[in-house]
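Working notes for the structure below.
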Amino acid sequence: MAIRIDALRSAATRQATVVARSSNEARTLGVKTAFLCHSHHDADLAKGLVHLLSDADWRVYIDWQDAEMPNTPNRETAQRIKQKIIDLDFFLVLATQNSMASRWCPWEIGYADGNKQLDRILIVPTEDGAQTHGNEYLQLYRQINLSDKNELAVWQPGQNTDGVLVKNL
């Protein structure tokens with residue numbers, strides 16, 4: 001199973017619900033937080049996923065929306081990303097052709113794998129009509145997809161039934 005890229009692009013055009021303005025506010029409100037690992041070439045898809053997750057009362061951190069992130073990637077960039085991965089509740093991977101070719105995404109996944117609980121790493125596989133995106137090793141983790149009621153849900157690796165709605169995690 002995978003989320004269609006056109007569904008993410010469509011969601012990106014919607015008005016987003018602001019769940020919380022900061023991670024601290026999200027925690028105070030009991031809102032789930034997540035770091036989104038993705039390619040910057042997929043900004044529209046990332047925005048679409050953020051909109052879908054905001055429907056489930058999640059707040060998602062995207063590095064290029066962080067005003068304190070250095071303009072050019074450097075050691076400070078890496079330190080800030082590592083800290084966000086640790087601080088936020090979940091680590092999400094938006095698996096696309098671009099993210100699978102990225103140099104940063106595999107590094108972030110490896111860091112998350114070594115520093116987060118396995119059930120806190122979630123893969124969002126995508127499909128473009130011809131191909132499903134996500135490397136073989138990403139099948140080790142739980143996946144997020146749309147349920148038959150068009151709500152985001154999480155499935156165990158290799159399963160496509162008995163998913164848990166994201167809003168219930």
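Values for this structure:
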| item | result |
| --- | --- |
| The chain - charge dipole about Cα centre, Lys and Arg +1 at Cβ, Asp and Glu -1, debye rounded to 20 | 300 debye |
| Karplus-derived 3J(HN,Hα), 6.51/-1.76/1.60, for each residue of region 102-119, Hz, glycine and proline x | 5, 8, 7, 4, x, 5, 4, 4, x, 5, 4, 4, x, 10, 10, 5, 4, 6 |
| Amide H contacts under 5 Å for T33, placed H, 5+ residues apart | R59, D89, F90 |
| Listed residue (I5, I86, V50) projecting farthest to the positive dipole end of region 3-168, Cβ model | I86 |
| Dipole-positive endmost among Q143, G129, L36 within the chain (Cβ charges, Cα centre) | L36 |
| Rg/Rh (Cα only; Kirkwood hydrodynamic radius) as it applies to the chain | 0.93 |
| Where a label projected 7 Å from the Cα of Q79 along Cα→Cβ would reach, residues of region 87-105 with amide N under 20 Å | 87-88 |
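Where a number appears in this text, it was derived from the coordinates with a stated rule and is not lab data. Keep in mind that what you see is a predicted model, and the values were worked out from it rather than measured. Quick reminder, even Gly has a Cβ in these numbers, built from the backbone with ideal geometry, and neighbours come from all protein chains shown.
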